[in-house]
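Notes to accompany the following structure.
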Amino acid sequence: MTSKKRKIKEIIQLWFLTKLLKFYFLTEQYFLSIKNINYPKEQFIFSMWHCHQCLVYGVEDKSKFYALISASNDGEIIAKAAESLNIMSVRGSTKRRGVAASLELIEKLKEGNSAAIMVDGPRGPAGKVKEGIINISKISEVPIVPVAWYSKNKTFFSFNTWDKFKAPVGFCKTVALYGEPIHIPSDLPKESFPLYCEKIEAEMNRLQDELEKNYEKYLAQ
């Protein structure tokens, strides 16, 4: 498949996802369930994989929450879907509006809001934490909370995108498992950023393994 055809296919899939999320927003009590385990009580920056963007649906106070979403065309579709769920967004990524988006998000955090960053976006490599979240947490002094998301339902569908984007495509019970806050020292030198990326990545993987092994237990809580 050529890159152009792949791009068109991804746009069609994301368009479908937008419509699906709007449908869920209207009928959430019947079709979509996200059970939060260890949801943070204090201000946070969620560290999420790009494939788990739909997890922001489970944020408990959307009035004080911003998601950092790519400034790409794909990101535009995701941002519109988020807007349909009353989720506010800041637009930007490494290659487009990166510095401006980081400064805007830091400002929102200093105003007392929380946020989510898709740490391997917008184009991967999938499952690798990038340094942007470290810098934003360091400057804003808001801790990072790693998150895992999972369901055993067959309706928890994986799309054919670079990150294997996951979303419910029918009645689905999902669980979100939140880790302990990771505080970034305000004097952390740049050369130490990779160590914290590795720490966050390891914790996200640990949470995912834990959730997949004990999904029924957490679902029953």
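The values are calculated or read from the model by the stated rules, or taken from the named source; none is laboratory data. The shown structure was predicted, so the numbers you read here are calculated from the model rather than taken from an experiment. Cβ sites come from the backbone with ideal geometry, for glycine too, and all protein chains shown count toward neighbours. All accessible areas refer to the heavy atoms of the entire protein, side chains included, with ligands and DNA or RNA removed. Shrake-Rupley method; radii C 1.70, N 1.55, O 1.52, S 1.80 Å.
Candidates Ala100, Ala67: the one that is open to solvent by less than 10 Å² (accessible area, probe 1.4 Å), modelled with pLDDT under 95 and among the small types (Gly, Ala, Ser) is Ala67. Answer yes if at least one residue in region 180-196 is at pLDDT 95 or above and within 19 Å of Tyr57 (Cα to Cα), and no otherwise. Looking for residues that are at pLDDT 95 or above and within 19 Å of Tyr57 (Cα to Cα), one finds none in region 180-196, hence no. Counting the residues of region 121-160 that are over 15 Å from Tyr196 (Cα atoms), of a type in the set (Ser, Thr, Tyr) and not in a loop (DSSP other than H, G, I, E, B) gives 3.
Whether any residue in region 191-211 is under 26 Å from Lys108 (Cα atoms), open to solvent by less than 10 Å² (accessible area, probe 1.4 Å) and β-branched (Val, Ile, Thr) is what I want to check. There is at least one residue in region 191-211 that is under 26 Å from Lys108 (Cα atoms), open to solvent by less than 10 Å² (accessible area, probe 1.4 Å) and β-branched (Val, Ile, Thr).
Of the residues making up region 164-221, those that are under 21 Å from Pro40 (Cα atoms), in a helix (DSSP H, G or I), hydrophobic (A, V, I, L, M, F, W, C) and touching a residue at least 40 places away in the same chain (Cβ under 8 Å) are Cys197, Ile200, Met204, Leu207, Leu211, Leu219.
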